[in-house]
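To keep things clear, I will list the structure first and then write my remarks on it.
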Amino acid sequence: TSPEKRDFIRQIVRDDLSSGKHARIKTRFPPEPNGYLHIGHAKSICLNFGLAGEFAGVCNLRFDDTNPAREDPEYVAAIQDDVRWLGFEWNELRHASDYFEAYYQAAEKLIKDGKAFVCDLSPEQIREYRGTLTEPGRNSPYRDRSVEENLDLFRRMRAGEFADASHTLRARIDMASGNINLRDPALYRIKHVEHQNTGNTWPIYPMYDFAHALGDAVEGITHSLCTLEFEDHRPLYDWCVDNVDFAAHPLLLKPLTDKGLPLEAGKPRQIEFSRLNINYTVMSKRKLMALVTEQLVDGWDDPRMPTLQGLRRRGYTPAAMRLFVERIGISKQNSLIDFSVLEGALRETLDAAAPRRMAVINPLKLVLANLPEGHEETLEFSNHPKDESFGQRRIPFARELWIDQDDFAEVPPKGFKRLIPGGEVRLRGAGIIRCDEVIKNDAGEVVELRCWLDPESRPGMEGANRKVKGTIHWVSARHGVAAEFRLYDRLFSVADPDDESEGRTYRDYLNPQSRQTAHGYVEPAAAEAEPETSFQFERTGYFVADRRDHTVAKPVFNRSVGLRDTWAT
Ligand code: ATP
Ligand code: MG
Ligand code: MG
């Protein structure tokens, strides 16, 4: 199928363009700046920006910053960083708070039209009057206030005359509606809280449904894409858009045009799709926040976090994220995606994109006793076995090497194909060796292997072609650079860390092995990498030079994902 036929939203967009309903589409990604973005947001970002790109439209980044108490400029900056990292650029950067004056004017218009009223019920009373799924609600005793009285009260709310929660501006819709969202929902509440963008200008703040719908309308968003839990809010969304009707009342937008904000007010259409859920992780902002503040992880960008900053630090690439999102698709079916799908997308993109290097994570000294003291040479290796365009590099080879402890066994388990006393193995790209002597310390631990390098088995020689059981990797002891390896695994050891049965919480499901540190060696060409460079360490896994801590002198590599899926369920 062609890309634009891929899902029902692309179908709608295509139809709207071919019928002439829209000459150009406009979408938006509307995060609340109350936390860092996570992998779920990546789905929404790729959808909104992706659609704009595919159909020659535009996409805005809009901060839905209508809830000042939980918002912070730190998040505003991180969110922009994340969107750009994923490879997208917004048409315009907006803040819902840019529109506060227009929202206010729109609210006065609703009052003048008899469609909104100031209610003095307390929040508890409002809840009690609202009714239930089976019981209709009851009208507020303040519902029939005169337009003049409502206007006066609302203006005094704005002037800061009233205490928090003492008054609410409510839409006047239908307390008997089968849809609870339409039972005279709140449009404005009083909140004497400083706002990260507007400071102390406003003692009242618009409610999410009102602000979100009008934000879309102000910007001329054509397709407003959101997750399924907003399906029930769509009638209210439409009510706000239709009853304010910016296009027919351009004066309402004067506060914005005065500020020089370009506008193309229209009537957006809300379309819902299923949110992304992944097992072995939590995605609620509240829980992610708690992991950080309770120091169960090392911050928002801990490589085990499902935040975009965490995934990035773990070694996830924008290409892997986009492949993942494309693979899971867009639908209205709620589903739980297996964590291995995410890991698979990373493995697949890195297999093609990551140069190969050699690294020894748990080093064991190996001496090629038949080479002269001080012997060294350089060997040519290709950087990628399947792609010549990656070129070649030279690796120093010498008499003393590091190999991985796992590649030697004094008493081999069944089927062991690596080095054993008296056995032979191929040293990757260097020749065939035989283990002649095993040297131990006083504690009986193996500390060194003395081996014989078959001089007839060097690269290019006839003797190199003879069969030996296994091939192992190595790093020259003199040339290798000491490196720290952070071996990350899934943060939770159970598929559903949100399961709260028997009084447990996600804290009880943390995987104690989710981070282990090892100290070993890498070949010089790995140490020299810039932070955030990904490699396949041969036979070991995909690693990334840590974005924050890696330096050429003190390399730090994070394990992004293993070479194959080994997670045992
Ligand atoms: P909160 O409820 O704490 O505000 P949120 O997940 O709703 O968190 P927003 O910042 O409001 O976060 O979300 C921005 C956009 O990302 C919204 O359009 C939302 O629908 C979308 N989004 C959030 N989580 C997911 C998810 N898991 N899958 C797909 N889209 C998501
Ligand atoms: Mg939200
Ligand atoms: Mg949410």
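The values are calculated or read from the model by the stated rules, or taken from the named source; none is laboratory data. Since we're looking at a predicted model, the values are computed, not measured. Note that we place each Cβ from the backbone using ideal geometry, even for glycine, and neighbour counts take in every protein chain shown.
Numbers at a glance
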quantity	calculated
Within segment 222-265, tally of residues that are basic (K, R) and more than 16 Å from ligand 1 (Cβ to nearest atom)	2
Sole exception among (1) in contact (Cβ under 8 Å) with a residue 40 or more places away in the chain; (2) not in a helix (DSSP H, G or I) for E326, by number	(2)
Any hit, segment 9-17, residues being within 16 Å of ligand 3 (Cβ to nearest atom) and either over 30 Å from L187 (Cα atoms) or without any contact (Cβ under 8 Å) to a residue 60 or more places away in the chain (or both)	no
Filtered residues of segment 120-154 (kept if within 13 Å of L169 (Cβ to Cβ), touching an Asp or Glu at 6+ places or on another chain (Cβ under 8 Å) and part of a loop (DSSP other than H, G, I, E, B))	S140, Y142, R143
Residue in segment 500-513 that is charged (D, E, K, R), within 17 Å of G562 (Cα to Cα) and touching a residue at least 24 places away in the same chain (Cβ under 8 Å) present	no
Tabulated pairs, segment 245-260, first over 14 Å from R94 (Cβ atoms), second among the polar types (S, T, N, Q) and surrounded by 13 or more Cβ atoms within 10 Å (Cβ to Cβ), C-beta under 6 angstrom, 6+ apart or interchain	L252/Q105
Evaluation of S140 against (1) without any contact (Cβ under 8 Å) to a residue 40 or more places away in the chain; (2) more than 37 Å from the chain's Cα centre (by Cα) (one fails), failing number	(1)
Unmet requirement for A409, which otherwise passes all of (1) surrounded by 14 or more Cβ atoms within 10 Å (Cβ to Cβ); (2) without any contact (Cβ under 8 Å) to a residue 12 or more places away in the chain; (3) over 42 Å from the mean Cα position of the chain (by Cα)	(3)
Selection count where residues are in contact with a Pro (Cβ under 9 Å, 6 or more places away or on another chain) and without any contact (Cβ under 8 Å) to a residue 40 or more places away in the chain, scope segment 438-481	3
Of all residues making up segment 494-535, the number that are closer than 17 Å to R356 by Cβ and in contact with a helix residue (DSSP H, G or I) (Cβ under 8 Å, 6 or more places away or on another chain)	2
Number of positions in segment 365-390 that are surrounded by 14 or more Cβ atoms within 10 Å (Cβ to Cβ), polar (S, T, N, Q) and assigned to a strand (DSSP E or B)	1
Residue check for N362: at pLDDT 95 or above, within 34 Å of the chain's Cα centre (by Cα) and surrounded by fewer than 16 Cβ atoms within 10 Å (Cβ to Cβ)	yes
H223 within 14 Å of ligand 2 (Cβ to nearest atom) and either surrounded by 20 or more Cβ atoms within 10 Å (Cβ to Cβ) or not assigned by TED's automatic domain parsing to the domain that holds K21 (or both)	no
Positions within segment 332-352 being among the small types (G, A, S) and either within 16 Å of the chain's Cα centre (by Cα) or surrounded by 16 or more Cβ atoms within 10 Å (Cβ to Cβ) (or both), in sequence order	S340, G344, A345
Helices (runs of 4 or more DSSP H) enclosed by segment 212-302 - at least 3 residues per element that are within 16 Å of ligand 3 (Cβ to nearest atom) and basic (K, R)	285-293
Segment 159-171, residues that are without any contact (Cβ under 8 Å) to a residue 60 or more places away in the chain and either surrounded by fewer than 18 Cβ atoms within 10 Å (Cβ to Cβ) or closer than 25 Å to H233 by Cα (or both)	A159, G160, E161, A163, D164, A165, S166, H167, T168, R170
Residue match in segment 233-241 (condition: of a type outside the set (V, I, T), closer than 25 Å to D81 by Cβ and assigned by TED's automatic domain parsing to the domain that holds A42)	no
Residue within segment 267-274 that is closer than 30 Å to S493 by Cβ and either surrounded by 17 or more Cβ atoms within 10 Å (Cβ to Cβ) or not assigned by TED's automatic domain parsing to the domain that holds A165 (or both) present	yes
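Yes/no per residue for (1) in contact with a Lys or Arg (Cβ under 9 Å, 6 or more places away or on another chain); (2) closer than 28 Å to P203 by Cβ; (3) touching a residue at least 12 places away in the same chain (Cβ under 8 Å); (4) buried (at least 22 other Cβ atoms within 10 Å of the Cβ):
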| position | (1), (2), (3), (4) |
| --- | --- |
| R24 | no, no, yes, no |
| F29 | yes, no, yes, yes |
| F49 | no, no, yes, yes |
| G57 | yes, no, yes, no |
| D64 | no, yes, yes, no |
| N67 | yes, yes, yes, no |
| E74 | no, yes, no, no |
